Amino acid sequence: MIAAYPLTTLATLAIVLLTFIFSFRAGKSRASSGVSAPAMAGDDTFERATRVHMNTLEQMVLFVPVLWIFAMLVSDLFAGIAAVVWLVGRVMYSQAYMTDPSKRTAGFMLGILALLITFVWSIVMVVMGMMAG
């Protein structure tokens, strides 16, 4: 059986995988830095890895539902493209945050751009559908 939205499905799986990788990195940083649970502070590398993971979770909660709405209302192809942009933004954000948090803005903005485009376009499609119906 082929998924009705194969690109969006693959993109969602990639988003989950990236989030898992960030989670694993935070856990590994906790162990190597000696920061015992439940502490969330004490080592710069651990705190950065944790912040990347948490910010990605925060963005994922917003992006994934909008991505699926966008796929259903607009297209699987454009949703797949938007997801790739979001993923690239998250990777850029992560790399920058881990080396110099003050340089994280470009990656963050790329992810927000993907979110805003899919969100606004989805709203436009819903409103147009309501007006036509």
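Throughout, read-outs are computed from the coordinates displayed, never taken from laboratory work. Note that the structure is a prediction, hence the values are computed from the model and not measured. Every residue, glycine as well, gets a Cβ built from its backbone with ideal geometry; the counts of neighbours run over all protein chains shown.
The simple Förster model, with R0 at 25 Å and r as the Cβ-Cβ distance, assigns Thr105 and Val61 a FRET efficiency of 0.75.
For the chain, with equal point scatterers placed on the C-alpha atoms only and solvent neglected, what are the log10 I(q)/I(0) values from the Debye formula at q = 0.12, 0.18 1/Å, to two decimals? Calculated log10 I(q)/I(0) at the listed q: -0.52, -0.93.
For every helix of n ≥ 4 consecutive DSSP H residues, a contribution of -39,500 (n - 2.57) applies; sum these over the chain, divide by its total residues, and give [θ] at 222 nm rounded to the nearest 500 deg cm²/dmol.
Numbers: 4 runs with 110 residues, N = 133.
Result for the chain: -29500 deg cm²/dmol, rounded to the nearest 500.
Cβ-to-Cβ counts within 10 Å put Ser29, Ser75 in ascending order as Ser75, Ser29, the fewest first. Spacing of the modelled spin labels on Leu77 and Lys28, each 7 Å from Cα toward Cβ, amounts to 3.8 nm. Region 94-125 and region 1-33 have Cα centres separated by 17 Å.
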